[in-house]
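J.: One structure, as structure tokens, below. Some questions next.
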Amino acid sequence: MTETTVCIIGAGPAGAAAALQLAQWGIHSVIVDKAFFPRDKVCGDGLSGKVITALNRIDPAIAERLQQYTEKVNSWGVTFVSPGRISMDVPYKPQYDPRSEPPIGFVCKRIHFDQFLVDEIKRRPEIRLIQGVSIDQYLPEKDGYLLSEAGGSLQIRTKMVIVANGAHSSFTRHIAGFTMEPDHHAAGVRAYYKNVTGMHTDNFIELHFQKSLLPGYLWIFPLPNGEANVGLDMISSAVKKKKVNLKQLLQTTIQQDPVLKERFREASAISPVEGYGLPLGSKRRQLHGDRYLLTGDAAYLIDPFTGEGIGNALYTGRMAAEHAAAAIRSGDFSAAALAPYTEHVYRVLGAELSLSHRLQKLVRYRWLFNFMMKMGTRNKQLRELISCMFYEVDVRKKLTSPVFYLKVLLNR
């Protein structure tokens, strides 16, 4: 029997952020993951500017070590390509000059990035990391939870739980009562390729919203050693309605699209095509309950438009640590006491997620999406708004400012 005040389920970005922030405040925790690290996770591998921002707030030394980490490429922004082949480059930071400023975005395979975070966890004596154990049973008790794996070889008694074990979290389903809703969920596939040509000189990640893929998109993310993460995703309700085989659609698009087939002419796949699910943050949900907080993908907070999950996971992991610390100080772990966490998450991320949901729906109307992209190529204010979604989360401030809309309308 292990006893702790805080148990974190999942050692990915959300769980690591929670544990590391608690450690910064001198609060001990136990973090449990079903895998042994290093381990791979099917993902787009993009680390937007939010990642550095979140890590810097936890501990600037961690952010500095990530800047120096060699298992990544530096990336300065995103290229959006509309169904009409209109291309718009959006830097990760408004008014950003890659020639004079350090990168704030990266592309890094999850097998490497998550190992980087685990190595950071191992630096902290306040954190006990348990690997290779799946927490399958959650028994509420008078003063907390009794957590255990199916065979009962590990039991943890904890006053509160931070849930960070991803999109398929059994805690999220069975205790929090979340269900997979096809209109608020996406299905994705991913493969690694070698020798894809035509990459942006500043390693912008690419999102291609082609007619044949709507309401989804294809991505190409540059990686070290001439590799690229290539994949696509689509709203699950559309996949079911159209009876789409995503793996086949990815291959067909690469082989038959007149632009992409040239870029992939000398390319070769170096991994199988693998699938995964993305619970989207296009619907507001209750992220707290008696003695628990949901974070990251386990809280269904993936960006509905861009598919980004890592930045939001780090943000919410850090927020969960903040509210766990407050609960520890007060000795009150009730749902009522933890309710400010849900409000905090949506105060910070809500406007951005709402905007992304609107953009996601806009994609269904090709002519309107093409118009917006054409407008964005010449409208600084619109590009900066999208840039904020990948860097500093101040979208809410812009969307509530009449001056912003005036500048957009005046095309300045």
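J.: How tilted is helix 49-58 with respect to the longest principal axis of the chain? Cα atoms for both, answer in degrees (0 to 90, nearest 10).
T.: On a 0 to 90 degree scale, this one is about 20.
J.: Something else now. Between Asp89 and Gln24, what is the label-to-label distance in nm when each label sits 7 Å out along the Cα-to-Cβ direction?
T.: Those two pseudo-labels are separated by 3.3 nm.
J.: Calculate the FRET efficiency for Glu262 and Asp290 from the Cβ-Cβ distance with a Förster distance of 56 Å, rounded to the nearest 0.05.
T.: Details: r = 57 Å, r/R0 = 1.02.
The formula returns an efficiency of 0.50 here.
J.: Please state the shape class of the chain: rounded when a/c is under 1.5, otherwise prolate if a/b exceeds b/c and oblate if not, all from the C-alpha gyration tensor. Don't skip to the answer; put the middle values down first.
T.: Values: a/c = 1.68, a/b = 1.52, b/c = 1.10.
Taking the square roots of the gyration eigenvalues as a ≥ b ≥ c, the chain is prolate.
J.: Hey, got a sec? Which chymotrypsin sites (Phe, Trp or Tyr not before Pro) in region 299-365 land in a DSSP loop and have at most 16 other Cβ atoms within 10 Å? Spell out each step's value before the answer.
T.: Details: sites: Tyr300, Phe305, Tyr315, Phe333, Tyr341, Tyr346, Tyr365; in loops: Tyr300, Phe305, Phe333, Tyr365.
Passing both the DSSP loop test and the Cβ count: Tyr365.
J.: So what's the angle, to the nearest 10 degrees on a 0 to 90 scale, between helix 13-24 and the longest Cα principal axis of the chain?
T.: 50 degrees
J.: Next question, about the same structure. Starting with the fewest neighbours, write out Trp25, Trp367, Trp219 ranked by other beta-carbon atoms found within 10 Å of each beta-carbon.
T.: Values: Trp25 12, Trp367 9, Trp219 22.
In order of increasing Cβ crowding within 10 Å: Trp367, Trp25, Trp219.
J.: Another question about this same structure. No solvent, one uniform scatterer per C-alpha: report log10 I(q)/I(0) for region 49-104 via the Debye equation at q = 0.21, 0.26, 0.29, 0.30 1/Å, two decimals.
T.: For region 49-104, the Cα-only Debye profile gives -0.86, -1.09, -1.19, -1.21.
J.: Can you sort Lys72, Lys34, Lys283 by how many other beta carbons sit within 10 Å, fewest first?
T.: Working: Lys72 21, Lys34 18, Lys283 14.
If I rank by nearby Cβ atoms, fewest first, I get Lys283, Lys34, Lys72.
J.: At 222 nm, what helix-only mean residue ellipticity would the chain give, in deg cm²/dmol to the nearest 500, using -39500 (n - 2.57) for each DSSP H run of four or more?
T.: Working: 14 runs with 155 residues, N = 412.
Calculated mean residue ellipticity at 222 nm is -11500 deg cm²/dmol.
J.: Next up: Which lysines, if any, have their Cα less than 18 Å from the Cα of Lys109, not counting same-chain residues under 8 positions apart?
T.: Lys41, Lys50, Lys72, Lys194
J.: Can you tell me the orientation of helix 110-122 relative to the chain, as the angle in degrees between its alpha-carbon axis and the longest Cα principal axis, to the nearest 10?
T.: 30 degrees
J.: What longest range of the chain stays clear of loop-exposed GluC sites (Glu not before Pro) (DSSP non-H/G/I/E/B, at most 16 other C-beta within 10 angstrom)?
T.: Here the longest segment lacking exposed loop sites spans 127-265.
J.: Please state the charge dipole magnitude for the chain, taken about the Cα centre, from unit charges on C-beta atoms (+1 on K and R, -1 on D and E), reported in debye and rounded to the nearest 20. Please list the in-between numbers first.
T.: Details: 51 positive and 39 negative charges, 289 e Å.
Dipole of the chain, to the nearest 20 debye: 1380 debye.
J.: Run the quick spin-label model on Met375 and Gln115: label points 7 Å from Cα toward the beta carbon, then report their separation in nm to one decimal.
T.: 4.6 nm
J.: Restricting to the chain, what percent of DSSP beta bridges are antiparallel, rounded to 5? Show your work: numbers first, answer last.
T.: Values: 48 of 71 bridges.
Around 70 percent of the beta bridges assigned by DSSP in the chain are antiparallel ones.
J.: With a bin width of 5 angstrom, please list the P(r) values of region 187-247 as percents of all Cα-Cα pairs, from the 0 bin to the one holding the largest distance.
T.: Per 5 Å bin, starting at zero, the Cα-Cα P(r) for region 187-247 comes out as 4, 18, 27, 21, 15, 9, 6, 1 percent.
J.: Each label point is 7 Å from the Cα along the Cα-to-Cβ direction; what then is the distance between the points at Ser334 and Ala269, in nm?
T.: Output for this residue pair reads 5.5 nm.
J.: Taking each pair of distinct Cα atoms in region 1-64 once, what is the resulting Kirkwood hydrodynamic radius in Å?
T.: Numbers: mean 1/r = 0.0757 Å⁻¹.
One decimal place: 13.2 Å for the Kirkwood radius.
J.: Please check which bits of region 158-202 a label hung off Ala150 would reach, taking the label as a point 7 Å along Cα-to-C-beta and the cut-off as backbone N under 18 Å.
T.: The answer is 168-175, whose backbone nitrogens lie closer than 18 Å to the label point.
J.: Continuing with this model, one more query. Between Asp183 and Phe36, what is 0.36 nm times their sequence separation minus the Cα-Cα distance? Round to one decimal in nm. Working shown, then result.
T.: Details: separation 147, 0.36 × 147 = 52.92 nm, distance 3.34 nm.
Stretched fully, the Asp183-Phe36 segment lengthens by 49.6 nm.
J.: Give me Phe36, Phe178 sorted ascending by neighbouring Cβ count inside 10 Å, so fewest comes first. Mind dumping the intermediate values first?
T.: Numbers: Phe36 9, Phe178 19.
Fewest-to-most ranking of Phe36, Phe178: Phe36, Phe178.
J.: Report the full-extension gain for the segment Glu343 to Thr2: residue separation times 0.36 nm, less the Cα-Cα distance, to one decimal in nm.
T.: Details: separation 341, 0.36 × 341 = 122.76 nm, distance 3.18 nm.
Between Glu343 and Thr2, full extension yields 119.6 nm more.
Quick note: the coordinates plus some simple rules give every number you see, no bench work behind them. Bear in mind that the values here come from a model prediction, so they are computed numbers and not experimental data. Because the Cβ atoms are built from the backbone with ideal geometry, glycine has one as well, and the counts that use them run over all protein chains shown.
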